[in-house]
Amino acid sequence: MEGSEMINKDATMGRHLARRLVEIGVTDIFTVPGDFNLTLLDHLIAEPRLKNIGCCNELNAGYAADGYARARGVAACVVTFTVGGLSVLNAIAGAYSENLPVICIAGGPNSNDFGTNRILHHTIGISDFSQELRCFQTVTCYQAVVSHLEDAHEQIDRAISTALRESKPVYISISCNLPGLPHPTFIADPIPFSIIHRTSNTTGLQAAVEAAAAFLDKAVKPVLVGGPKLRVASATEAFIEFADASGYALSVMPAGKGMVPETHEHFIGTYWGAVGTSFCSEIVESADAYLFAGPIFNDYSSVGYSLLLKKEKAIIVQPDRVVVGNGPAFGCVLMKDFLEELAKVITKNTTAYENYHRIFVPDGEPNPPEPDDPLRVNILFQHIQKILTKDTAVLAETGDSWFNCQKLKLPEGCGYEFQMQYGSIGWSVGALLGYAQAIPDKRVIACIGDGSFQVTAQDVTTMIRNEQKSIIFLINNGGYTIEVEIHDGPYNVIKNWNYTGVVEAFNNDDGKLWTAKVKCEEELIEAISTATGEKEDHLCFIEVMVHKDDTSKELLEWGSRVCSANSRPPNPQ
């Protein structure tokens, strides 16, 4: 009898959801409590293998799930009805743009309230409860509203499996009176997921490989470029296999940085047009054939549509489609399969890399400052470069850190993340929380601008609470520098904070936090030495004071080109 009672006690909807999350690799959930999700949270945290990471607001909980999914492959956040759901929505949209399977769970109204014409709190004052659902429909690949116990198991499992299969966020709303109820379908050891993965059309795959090989083998100096969709296609290893077999000069698009080892013998840097690695764009754009694996060509990655590429020279390989030149196109061909098969038949050609090697001139060093000279951004990143190892990872916030971090040379095993497609300022604080929680064996180095930090600063306190040991370089230049270089105005100037004082207030002398404010190279060297030595087990926050006009040359170039693209006049009607 006791055993039967124990089974019934644990065979609840909330415990079933918790077990499913653990089964797919989620061991931490990012939450903000609200009255509609409290019972659900009780049952989730009752699962001993699932840790609750309470966040300061829903936006950061969503950003944290974004960062976690980048390292673990899947993540989950839990919010309350409407006020929480609409607050987390921006972060879920960003995860959608980056192809990250984030499971967004919202506590919903009592199941008895649906269809009753009642008006509930946390709504906009009407009896239609579907507003939250309708908002999520455009930024998730599946939505489940669980208001009946009988189909809860099916809805939850379908949502989670869809997130994994599509590599996109999903939305699950669970009525607040259901998580604690048992049902025979919520067995203690649920049947494992059986996800049917996509497969290539064999005939199409063979035809695509033959067409691509013929196209590339007749080229004199072909090149290879990796894009951000290598991750969603699970094709990084296949990409390297093809790079080894082909001998092509190898580069990555900016959002693909970190997905390809920069220690590869034919790696030539970041292809980002006029603002990429020196000599890289010249080699890529002068090639007579280029294979792009998983690219995203938008106004930012194309530097205001200024890339000098020709469609007829390109093979574009997307996660499930290959287009050779102006045609033909081959659907139902998976990138991983295509690259693996192409590697078996491609003729090795190192001409482009040999050309690069001939024209290459190593980057110069920044002019050394005089003692006590004001600190410059290029000096800062010179010293960040020195602390990168296989046991570190880099996280770059939207802004000038995009460009400065692109120039960092990543040692093998060093992670790298930033949000280029969505580009939501403030993303990095929440994402750092989740990313560091997912990879506790690495020390994450985050480069965050002051304007972005002001958007989402609160969850530094959650990092302290969870004893994370990241290093945050807060770059204080008094405003939204990236916006200044696109279009300046008084709205780009922000109220300065005492940033070290702010995070010390978050700590409240109750955690492992160490802060420093540096204004010159000598102070920076000392701060980094302390952060990587005596305080290596602390969250280290280093506020770096720099001039408001101290930016990378790449941001100056990029900003002017994006400004030009944004200010194009309307086409004649």
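The values are calculated or read from the model by the stated rules, or taken from the named source; none is laboratory data. This one's a predicted model, so the numbers in the text were calculated from it and none came from an experiment. For neighbour counting, all protein chains shown are included, and Cβ atoms are generated from backbone atoms with ideal geometry for every residue, glycine included. Remember, those area values only see protein heavy atoms, side chains included, never the ligands or the DNA or RNA. Shrake-Rupley method; radii C 1.70, N 1.55, O 1.52, S 1.80 Å.
Residues that are touching a Lys or Arg at 6+ places or on another chain (Cβ under 8 Å) and closer than 21 Å to ALA457 by Cβ were ranked within region 545-569; the one that is most open to solvent (accessible area, probe 1.4 Å) is MET545.
A search for C-beta distances below 7 Å between a residue of region 226-251 that is over 17 Å from VAL284 (Cβ atoms) and β-branched (Val, Ile, Thr) and any residue that is part of a helix (DSSP H, G or I) and open to solvent by less than 20 Å² (accessible area, probe 1.4 Å), counting only pairs 6+ apart in sequence or on different chains, returns THR236/LEU230.
Being touching a Cys at 6+ places or on another chain (Cβ under 6 Å) and at negative phi is a property that THR351 lacks.
Does region 93-105 include one or more residues that are under 17 Å from VAL145 (Cβ atoms) and assigned to a loop (DSSP other than H, G, I, E, B)?
Within region 93-105, the subset under 17 Å from VAL145 (Cβ atoms) is 103-105.
Now restrict to residues that are assigned to a loop (DSSP other than H, G, I, E, B): none.
Checked region 93-105: no residue is under 17 Å from VAL145 (Cβ atoms) and assigned to a loop (DSSP other than H, G, I, E, B).
Suppose the filter is without any contact (Cβ under 8 Å) to a residue 60 or more places away in the chain, under 19 Å from the mean Cα position of the chain (by Cα) and under 22 Å from LEU100 (Cα atoms); does VAL444 pass it? For VAL444, the condition - without any contact (Cβ under 8 Å) to a residue 60 or more places away in the chain, under 19 Å from the mean Cα position of the chain (by Cα) and under 22 Å from LEU100 (Cα atoms) - is met.
Given the structure, is GLY511 of a type outside the set (Val, Ile, Thr) and out of contact with any Lys or Arg (no Cβ under 8 Å at 6 or more places or on another chain)? It is false that GLY511 is of a type outside the set (Val, Ile, Thr) and out of contact with any Lys or Arg (no Cβ under 8 Å at 6 or more places or on another chain).
Residues that are in the same structural domain as ASP113 (by the TED database) and among the acidic types (Asp, Glu) within region 165-211 comprise just one, GLU166.
Residues checked against (1) assigned to a loop (DSSP other than H, G, I, E, B); (2) surrounded by fewer than 17 Cβ atoms within 10 Å (Cβ to Cβ); (3) free of Cβ contacts under 8 Å to residues at least 24 places away in the same chain:
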| site | (1), (2), (3) |
| --- | --- |
| ARG165 | no, yes, no |
| ILE174 | no, no, no |
| GLY180 | yes, yes, no |
| ILE187 | yes, yes, no |
| PRO192 | yes, yes, no |
| ILE196 | yes, yes, no |
| SER200 | yes, no, no |
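Scan region 296-313 and tell me whether some residue there is polar (S, T, N, Q), open to solvent by 60 Å² or more (accessible area, probe 1.4 Å) and farther than 16 Å from PHE239 by Cβ. Taking every residue of region 296-313 in turn, none turns out to be polar (S, T, N, Q), open to solvent by 60 Å² or more (accessible area, probe 1.4 Å) and farther than 16 Å from PHE239 by Cβ.
When you scan region 404-493 for helices (runs of 4 or more DSSP H) that lie fully inside it, which ones turn up with 1 or more residues that are open to solvent by 10 Å² or more (accessible area, probe 1.4 Å) and β-branched (Val, Ile, Thr)? It would help to see each step written out before you state the result.
On the way: elements: 427-438, 450-456, 460-465, 481-486.
It comes to 450-456, 460-465, 481-486.
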